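The values are calculated or read from the model by the stated rules, or taken from the named source; none is laboratory data. The model shown is predicted, which means the values in this text are computed figures rather than measured ones. We place every Cβ from the backbone using ideal geometry, glycine too, and count neighbours over all the protein chains shown.
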Amino acid sequence: LAIAKALSGKITTVIMDEPTTHLDEERRRELVEILKNFFKGSSSILPQMIVVTHHREIEDAADNLIFIENVGGVSQVKAV
């Protein structure tokens with residue numbers, strides 16, 4: 001629903017928390033392709049999308065990556 005609202009032009013930022021958690025492998029791949037189409041190419045449909053996930057395949061759709069790791073009880077942020 002958030003993606004549809006964003007496409008209507010009324011939302012400038014979409015935040016997705018674990019959007020692939022309950023999807024099977026095929027649906028996860030489809031979602032990654034949809035996200036790639038939003039951002040890859042001549043122009044972006046959405047100005048900004050923030051995705052929090054544990055599934056690494058969604059990285060293929062990202063322009064920027066930030067990893068947060070817990071090391072010895074301390075969270076560390078790494079920009080890639």
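Side notes on the structure shown:
- Scanning segment 17-36 for residues that are modelled with pLDDT of 90 or more and of a type in the set (A, V, I, L, M, F, W, C) returns a single hit, L23.
- The residue that is modelled with the lowest pLDDT, among those in segment 6-16 that are β-branched (V, I, T) and part of a loop (DSSP other than H, G, I, E, B), is I11.
- Picking from residues in segment 37-51 that are at pLDDT 80 or above and surrounded by 13 or more Cβ atoms within 10 Å (Cβ to Cβ), the one that is farthest from I66 (Cα to Cα) is M49.
- Verdict on L1 being of a type outside the set (K, R) and either touching a Ser or Thr at 6+ places or on another chain (Cβ under 9 Å) or at pLDDT 90 or above (or both): no
- Pairs with Cβ under 6 Å, 6+ apart, first in segment 50-77 and part of a strand (DSSP E or B), second among the charged types (D, E, K, R): V52/D17; F67/K78; Q76/E69
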